[in-house]
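Engineer: I have a structure I would like to understand better, so I am pasting it below and will then ask my questions one at a time.
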Amino acid sequence: MKKDPPGKIKIKESLRSLLKTKDFDSITTSEIASGAGVTEALIYKYFKDKQHLLYELVAEMFDEVNRLIKSEVDNKESAKDKLKAFVFSSIDTYSRERVFAKIILIEVRRMPAFFQSKPYQSVREYSRLLFDILAMGIKTNEFKKEPEPKILRDMILGSIEHTCLWGIIFSKKIDADQITDQIFSAVLNGIKL
């Protein structure tokens, strides 16, 4: 994979840094350029607009998250252990990577165009990993056939996101172990044979 030029890297890092304290809509390209130590014109050399810059940052961050979660899941044998690893890794990532969590859980959700963008494929990959774990559990008779994997996937993702959202919005501690145990217990009691 071709490495980004230094200016492009600085621009993405500047936006990432600004998102620690500001909402995306309130960040100007002038602030991004200033934080990166570049001209505004350079932003437009690499990105169509500010939203395109955000989408590239999302894709980059989500690809890294997907690699991390997939690595954790791949180290487990049973669907049950894979499911727990997925839930924990997701919550732990939201807890540690607050800018990523803020972008995914708050910022891009308000942008209908995001759901048609190329970076959304990273979100679909993440969702597919969970779906495949649930389908595996049904196939190996670790989980019940109902609810169907798509519904169960949505329930689990919703639980992860909802329980982490308050911590992201109000900068509170997110206890990945405790939340994982509670979600995992509730889900597993409903689907195990």
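Engineer: For helix 120-139, report the angle its Cα long axis makes with the longest principal axis of the Cα atoms of the chain; keep it between 0 and 90° and round to the nearest 10°.
Structural biologist: Tilt relative to the chain: about 10 degrees.
Engineer: Students often forget the sequence filter, so: which lysines lie under 25 Å Cα-Cα from Lys10 once same-chain residues fewer than 8 apart are removed?
Structural biologist: Partners within reach: Lys2, Lys20, Lys22, Lys45, Lys48, Lys50, Lys102, Lys118.
Engineer: Over the chain, what relative contact order in percent results from Cα pairs under 8 Å that are six or more residues apart?
Structural biologist: After rounding, I find 22 percent.
Engineer: Which angle between 0 and 90 degrees, to the nearest 10, do you get for helix 176-191 versus the longest principal axis of the chain when only C-alpha atoms count?
Structural biologist: 40
Engineer: Can I ask one more? Can you give the relative contact order of the stretch 42-118 as a percent, counting alpha carbon pairs under 8 Å and 6+ residues apart?
Structural biologist: Reported relative contact order: 25 percent.
Engineer: Additional query: Going by how many other beta carbons lie within 10 Å of each one, how would you line up His162, His52, fewest first?
Structural biologist: Final ranking by Cβ density, sparse to dense: His162, His52.
Engineer: Then there's this: How high is the relative contact order of the stretch 89-193, in percent, counting Cα pairs under 8 Å that sit 6 or more residues apart?
Structural biologist: It comes to 41 percent, rounded to a whole number.
Engineer: Name the trypsin sites (Lys or Arg not before Pro) in the stretch 154-193 that are in a loop by DSSP and that have at most 11 other C-beta atoms within 10 Å, would you?
Structural biologist: Lys172, Lys173
Engineer: While we're on this one: Looking at the stretch 122-193, which chymotrypsin sites (Phe, Trp or Tyr not before Pro) are DSSP coil and have at most 10 other C-beta atoms within 10 Å of their C-beta?
Structural biologist: Phe170
Engineer: Using a 7 Å offset from the Cα along the Cα-to-Cβ direction at both Leu165 and Ala113, what is the distance between the two label points in nm, to one decimal?
Structural biologist: About 2.4 nm separates the two model spin labels.
Engineer: Here's another thing I want to ask about it. Using the beta-carbon distance between Tyr44 and Lys172 and R0 = 45 Å, what value does 1/(1 + (r/R0)^6) give for FRET efficiency, to the nearest 0.05?
Structural biologist: 0.75
Engineer: Using helices alone, what [θ] at 222 nm do you get for the chain, with -39,500 (n - 2.57) per DSSP H run of 4 or more residues, divided over all residues and rounded to the nearest 500?
Structural biologist: -22500 deg cm²/dmol
Engineer: Also: Provide, in order from the shortest bin, the percent of all Cα-Cα pairs of the chain in each 10 Å bin, continuing until the bin that contains the maximum pair distance.
Structural biologist: Per 10 Å bin, starting at 0, the Cα pair percentages come out as 9, 33, 32, 18, 8, 1, 0.
Computed from the coordinates by the stated procedures, all read-outs in this text should not be read as laboratory data. Just so it is clear, the structure is predicted and the values come from calculations on it, not from any experiment. Positions of Cβ are backbone-derived with ideal geometry, glycine not excepted, and every protein chain shown enters the neighbour counts.
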